[in-house]
Amino acid sequence: MNLILLGPPGAGKGTQAKLLSEAHRIPQLSTGDMLRAAVKAGSAIGKQAKAVMESGGLVSDEIVIGIIADRVSQADCINGFILDGFPRTLGQAAALDKLLGTKKKDLSAVVAMSVQDEELVKRIAGRYTCATCGSGYHDDMQKPRKAGVCDKCAGTTFTRRPDDNAETVRARLMVYYRETAPLIGYYFAKGKLSTVDGMAPIGDVTKAIEAILARFSTGIKAK
């Protein structure tokens, strides 16, 4: 099973990718994690990425595709993988299609997670973490059991990412609609796309995705 999760920032792609990875015993492939791993491993493509990053530049699509090519060739991807955060543009999607073709692999499904814009702003702007152990919380949706005290480590200091604010989230959404949203039509035309309600409870979203994967595995395309 080779799966892509699509959706705007804050839609819950990372959460669902982790749950599906555990359930199906296939790796969750995040471009950031893959870049860091390639640099640490000192592979040829990792050295290219390191040089670009150290110069303050943006890693090119060519380098990212090279890193993905190395990653999906590893033994733990033999039964499939979940791409989280890639592709982000039509150009990347076309390059990924070409890569998978050379690897004799095919996408099983592309799942788009639909969430209302203002809900996304609320989700992201309300996030904060324990400064001691990194446990995540939310102003409205996931408060500590005892106000001001981390459930996991009893820490009392919390932090917020400086970019987790309404203005920045709306700017990120504009980038998503401009660069990534066109992928919905791209994969629909290929007969790979299905959509789930990303505003549903986490468990319900997982069940909806599993139902889609079951239909694709039997050759019945989901709507």
Computed over the chain: longest principal axis from alpha-carbon atoms vs helix 13-24 long axis, angle to nearest 10 degrees, is 60 degrees
Considering amide H positions built from the backbone, and no H for Pro or chain starts, which residues 5 or more places from Phe81, or on another chain, come under 5 Å of its amide H? Asn2, Leu3
Return the unpartnered cysteines for the chain, using a Cβ-Cβ cut-off of under 4.7 Å. Cys77
Most exposed first by the Cβ proxy, i.e. fewest other Cβ within 10 Å, how do Ile26, Ile202, Ile212 rank? Ile202, Ile26, Ile212
Could you please rank Phe158, Phe81, Phe216, placing first whichever residue has the fewest other Cβ atoms within 10 Å of its Cβ? Phe158, Phe216, Phe81
Longest principal axis of the chain (C-alpha) makes with the long axis of helix 31-41 (C-alpha) an angle, in degrees to the nearest 10, of 80 degrees
Report ³J(HN,Hα) in whole Hz for each residue of segment 174-181, in order, from the Karplus equation J = 6.51 cos²θ - 1.76 cosθ + 1.60 where θ = phi - 60°; Gly and Pro get x. 4, 5, 4, 5, 6, 9, 9, 4
Quick one: among Thr157, Thr180, Thr129, which has the greatest mean-square fluctuation in a GNM of the chain with alpha-carbon springs under 10 angstrom? Thr157
Length-normalised contact order of the chain, Cα under 8 Å, at least 6 apart, in percent, tallies to 26 percent
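Could you rank the peptides 164-173, 143-152 by their average count of other C-beta atoms within 10 Å per residue, with the highest value first?
164-173, 143-152
Let me have the 222 nm mean residue ellipticity of the chain computed from DSSP H runs of 4+ only, each contributing -39500 (n - 2.57), with the sum over all residues rounded to the nearest 500.
Working: 9 runs with 102 residues, N = 223.
The helix contribution divided over the chain gives -14000 deg cm²/dmol.
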Non-local residues with an amide H under 5 Å from the amide H of Ser135, with H modelled 1.01 Å from N and Pro and chain starts lacking one, are Cys130
Please list, in chain and number order, the residues 5+ apart from Gly155 or on another chain whose amide H is under 5 Å from its amide H, with Hs placed from the backbone. Cys150
Acute angle (nearest 10 degrees) that the helix 202-217 long axis makes with the longest principal axis of the chain, alpha-carbon atoms: 10 degrees
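Read the figures in this text as sums done on the coordinates, not as results from a lab. Keep in mind the model is a prediction, meaning the values are calculated, not measured. Positions of Cβ are generated from backbone atoms using ideal geometry, with glycine treated the same way; all protein chains shown enter the neighbour counts.
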